[in-house]
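Asks: Input: one structure, supplied below.
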Amino acid sequence: MDHLDHRILSALRVYGCDPRVGGAARALSWAGEHGALWLAAGLAGAAVDGARRGAWLRATALTAGAHLVSMGVKRVVRRPRPAHVDPLVRTAGRHSFPSSHAASATAAAVAFGMLGARGRLGAAGTSSTREAHSGTHAKNSAPIALSAPDSPGAPPAPDSPEAPPALVATRAVLPPLATAMCLSRLIVGVHYPSDVAAGAALGALTARAGARWMRGGAHD
């Protein structure tokens, strides 16, 4: 496993010799330090998406939690940083496993993405309820109180024209950006592939574990 880790890292570190690739990888690494990029994205989402403000804040807290857990695991495992390649950036700590950048990036992509999934499911459920009520009304010709699909408490679907820009950006930008963040840690030469994989798994598990709590604030 260690041999494969070394070989993959060495192969990816070569791409950092390209000034454009290396510069982009360094910028991503700096932006993701201590989860700053993802925390800022979550707070921005909470500011512009009033219908889901509580859920955005909870998702941001899950992202911060994933980062803190990864830091705790590092203190236990104490795996040294790669020494066979020259790093392109300085690191905040000496330990490598798991990647905290990967943990916070993946937690943000999963947690913020679940906000969009909830909006889609909510819109679909409202549509189905409306159709069912309409069918019953047509058959029985009895007045039925229909739920209001466009009421303030029902957030728009992510792809609808009235969907908040923050939600649209979440679905379109965060997954590839999180992937790029994970790859950047290999290109700058400060993590082994297994560090990044473990960090990503930790982030995804943290976000999934807090999904019910996070969604409890979707209409705050």
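The values are calculated or read from the model by the stated rules, or taken from the named source; none is laboratory data. What you see is a predicted model, and the numbers here were worked out from it, not measured in a lab. Counting neighbours? That spans all protein chains shown, and the Cβs are built from the backbone with ideal geometry, glycine included. Just the protein is used for accessible areas: all its heavy atoms, side chains included, with ligands, DNA and RNA removed. Shrake-Rupley method; radii C 1.70, N 1.55, O 1.52, S 1.80 Å.
Asks: Can you give the convex hull volume per residue for the Cα atoms of the range 66-105, as a whole number of Å³? Spell out each step's value before the answer.
Replies: Details: hull volume 2.7 nm³, N = 40.
Value for the range 66-105: 66 Å³ per residue.
Asks: Give me the net charge for the shell around TYR15: Cβ to Cβ below 14 angstrom, other residues only, Lys and Arg +1, Asp and Glu -1.
Replies: Numbers: positive: ARG13, ARG20, ARG26, ARG185; negative: ASP18, ASP86.
So the environment of TYR15 carries a net charge of +2.
Asks: Could you rank ILE8, ILE187 by how accessible they are, 1.4 Å probe, largest area first? Before the final figure, lay out the partial values.
Replies: On the way: ILE8 65, ILE187 30 Å².
Correct descending sequence by accessible area is ILE8, ILE187.
Asks: While we're looking at this one, here's another question. Treat each spin label as a single point 7 Å out from the Cα along the C-beta direction, and report the CYS17 to ALA201 distance in nm.
Replies: Between CYS17 and ALA201, the simple spin-label model gives 3.3 nm.
Asks: Can you work out the accessible area per residue across the range 24-115, with the rest of the protein chains kept in place, probe 1.4 Å, in square angstrom? Can you show the working numbers first?
Replies: Working: 3920 Å² over 92 residues.
That works out to 43 Å² for each residue.
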